[in-house]
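A quick write-up on the structure given underneath.
The values are calculated or read from the model by the stated rules, or taken from the named source; none is laboratory data. Every value quoted in this text rests on a predicted model; they were computed, and no experiment measured them. Positions of Cβ are backbone-derived with ideal geometry, glycine not excepted, and every protein chain shown enters the neighbour counts. Calculation scope for accessible area: heavy atoms of the full protein, side chains included, ligands and nucleic acids excluded. Shrake-Rupley method; radii C 1.70, N 1.55, O 1.52, S 1.80 Å.
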Amino acid sequence: RRFKARVLLGDGRDQVLLARIRAQANFVEYVPVALIVIGLAEVNGAAAWLVWTCAASLLLGRAIHAVGMLTGAQTKPRAAGMTLTWLALVLGAAGLAERLVG
């Protein structure tokens, strides 16, 4: 899109490019933290079903969120994607906390 819009830096006020930049940034903001939480939960002995549920929720959530971001301002797919992403984070953190505290 940068080539087509002839933008070297920033978004050049191109709305499609801005949406793509935000989709990538949102991925970078959430996925590393979620993977760390899920990995720590697994290493500390969380139940396999919990780890797999978190991983599946994260994968599905990110895919749905990307579709919502890249097809326009469709709130429902974006919200569903973020809900699944947060579910992965919360379940992973709960599994980790249970193993560390319990």
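What to note about this one:
- Within the range 12-24, tally of residues that are open to solvent by 50 Å² or more (accessible area, probe 1.4 Å) and not in a helix (DSSP H, G or I): 2
- Residue check: G81 meets all listed conditions (1) open to solvent by 50 Å² or more (accessible area, probe 1.4 Å); (2) free of Cβ contacts under 8 Å to residues at least 40 places away in the same chain but one, namely (1).
- Restricting attention to the range 53-72 and to residues that are open to solvent by 30 Å² or more (accessible area, probe 1.4 Å) and farther than 29 Å from V16 by Cα, the residue that is nearest to the chain's Cα centre (by Cα) turns out to be A55.
- Filter pass, L50 being under 30 Å from G102 (Cβ atoms), aliphatic (A, V, I, L, M), touching a Phe, Trp or Tyr at 6+ places or on another chain (Cβ under 9 Å) and buried (at least 17 other Cβ atoms within 10 Å of the Cβ): no
- For the condition modelled with pLDDT of 95 or more, surrounded by 17 or more Cβ atoms within 10 Å (Cβ to Cβ) and in contact with a Leu (Cβ under 6 Å, 6 or more places away or on another chain), A93 does not qualify.
- The listed residue being out of contact with any Phe, Trp or Tyr (no Cβ under 6 Å at 6 or more places or on another chain) and modelled with pLDDT under 90, out of V16, V31: V16
- Exclusive hit being open to solvent by 30 Å² or more (accessible area, probe 1.4 Å), out of contact with any Lys or Arg (no Cβ under 7 Å at 6 or more places or on another chain), among the charged types (D, E, K, R) and under 21 Å from V101 (Cα atoms), set E29, E42: E42
- Members of the range 66-78 found to be in a helix (DSSP H, G or I) and free of Cβ contacts under 8 Å to residues at least 40 places away in the same chain, listed by number: V67, G68, T75, K76, P77, R78
- Across the range 25-53, the number of residues qualifying as touching a residue at least 24 places away in the same chain (Cβ under 8 Å) and farther than 22 Å from I64 by Cβ comes to 6.
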